[in-house]
1. How large is the convex hull of the C-alpha atoms of chain A per residue, in Å³?
2. For region A:1-59, report the translational diffusion coefficient in µm²/s to the nearest whole number, using Stokes-Einstein at 25 °C, 0.890 mPa s, and a Kirkwood Rh over Cα pairs.
3. Around B:Pro75, with a cut-off of 14 angstrom between Cβ atoms, what is the net charge of the other residues, counting Lys and Arg +1 and Asp and Glu -1?
4. About the Cα centre, and with charges only on the beta carbon of Lys, Arg (+1) and Asp, Glu (-1), how big is the dipole of the protein assembly as shown? Nearest 20 debye, please.
5. When B:Arg36, B:Arg108 are ordered from fewest to most other Cβ atoms inside 10 Å of their Cβ, what list results?
6. When the expected Rg is taken as 2.2 N^0.38 Å, what fraction or multiple of it is the alpha-carbon Rg of the protein assembly as shown?
7. State which entries of B:Lys9/B:Lys70; A:Lys3/A:Lys52; B:Lys9/B:Lys83; A:Lys3/B:Lys57; A:Lys110/B:Lys9 exceed 25 angstrom in Cα-Cα distance in the structure shown.
8. When Lys and Arg each count +1 and Asp and Glu each count -1, what net charge do the other residues less than 15 Å away from B:Ala87, Cβ to Cβ, add up to?
Amino acid sequence: DAKTTQPPSMDCAEGRAANLPCNHSTISGNEYVYWYRQIHSQGPQYIIHGLKNNETNEMASLIITEDRKSSTLILPHATLRDTAVYYCIVRVYGNTGKLIFGQGTTLQVKP
Amino acid sequence: DGGITQSPKYLFRKEGQNVTLSCEQNLNHDAMYWYRQDPGQGLRLIYYSQIVNDFQKGDIAEGYSVSREKKESFPLTVTSAQKNPTAFYLCASSITGITEAFFGQGTRLTVV
């Protein structure tokens, strides 16, 4: 599974869009990009995943560059409850289900 | 409600004792996983199981054991051989072949 690189921390003003970047320059053609988040002392929560097309759901949007070497998770209107550690993971769809977590980005949403 | 349940939320044990963490799911998922998280760190895979009566070691299996006798249950035993057992333990499940994993709320184990 490809390795990902994320900034250790970011701040965002409440009500503004939060854009969380992720680099995955060694991603393979059959590897998907997954995003999870973990609020303090809770289990990680699935947010979204994608292969090469941009994806959107009720929680967030995922923008993947054309060369697939990087992606951005967008929370369109961040709230204080979005304060969490966000993990970007790349892995083969349909594999054993193993998720290899890195250090993630700590997003602090401020009033 | 469907979900994955870990119990207890907090667990204290004396050094040298084995302890078993419970993980139950009613999502009808075939695959289940155990992760360990240390303060300020990401999650590391301990064991995973894709089907009943079968499981594989993850990246940090030493000092741990598991069983998968029922589809809905995947208990983790932290043995006295685990050198640094104090950690936050997370259980997850997913439909085999579909990798969106659902996590429990975790068990925080403290060994004194």
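No lab work stands behind these numbers, since they all come straight from the coordinates. None of these values were measured; they are calculated from a predicted model. As a convention, Cβ positions derive from the backbone with ideal geometry for all residues, glycine included, and neighbour counts pool all protein chains shown.
1. Roughly 93 Å³ of hull volume per residue.
2. For the chosen part, D equals 181 µm²/s.
3. My count for the surroundings of B:Pro75 gives 0.
4. Its charge dipole is roughly 480 debye.
5. So the residues, fewest neighbours to most, are B:Arg108, B:Arg36.
6. 1.03
7. In this structure, A:Lys110/B:Lys9 lie more than 25 Å apart at Cα.
8. Result for the local shell: +2.
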